[in-house]
Amino acid sequence: MSKIVQITDQYFEEEVLGSGLPTEVDFWAPWCGPCHMVIPIYEKLSEEYEGRFKFCMINVDENQDTARKYQIMSIPMQMFFVNGEKVDEILGAVPELIIRTMVDGILQNKSSD
């Protein structure tokens, strides 16, 4: 069962910026084909990394304030946050290995801080 947290403009700060875990946010929309290609990857990773890394999704059509704030011009866009700060991003539908490598690198950097 997916552990992805569905977020909105209203809860972005609490769920992402205030998260005690490194957090990935998938900016997506229901009409976006490539967005649907990566959702199963994030569902899988959300289960594997439960308790160590948080995975979120935000619909850019329904949450335009956050999309505007982070200048989302193309989707899918995945942004990665640690301690309330954006640390990296991935644009487009990419293979699981690229996403997993990013998540592992963020976890490794966090543990060495």
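Please treat every number below as a calculation from the coordinates, not as lab data. Everything numeric here is computed off the predicted structure, so don't read it as measured data. A quick note on method: Cβ atoms are made from the backbone with ideal geometry, for glycine too, and the neighbour counts reach across all protein chains shown.
Based on a Kirkwood Rh over C-alpha pairs, give the Stokes-Einstein translational diffusion coefficient of the chain at 37 °C and viscosity 0.692 mPa s in µm²/s. Here the translational diffusion coefficient equals 236 µm²/s. Listed by chain and number, the lysines placed with their C-alpha closer than 17 angstrom to that of residue 110 are 54, 86; residues fewer than eight positions away on the same chain are left out. The alpha carbon centroids of region 91-113 and region 1-30 are separated by 17 Å. Loop-resident GluC sites (Glu not before Pro) (DSSP state other than H, G, I, E or B) in region 20-113 with no more than 13 further Cβ atoms inside 10 Å of their Cβ: 50, 62.
Given springs between every Cα pair under 10 Å in a Gaussian network model of the chain, which of 101, 66, 23 has the largest fluctuation? Comparing 101, 66, 23 in the GNM, the peak value goes to 101. Applying a DSSP loop filter and a limit of 14 other Cβ atoms within 10 Å to the trypsin sites (Lys or Arg not before Pro) in region 46-78 leaves 52. Taken one residue at a time, the phi angles of region 54-60 give Karplus couplings (6.51, -1.76, 1.60, θ = phi - 60°) of 9, 10, 10, 10, 9, 6, 5 Hz. Gly and Pro are set to x. Our coupling estimate for region 105-111, obtained by passing each phi through the Karplus curve with A = 6.51, B = -1.76, C = 1.60 and θ = phi - 60°, is x, 5, 4, 5, 5, 5, 6 Hz, Gly and Pro reported as x.
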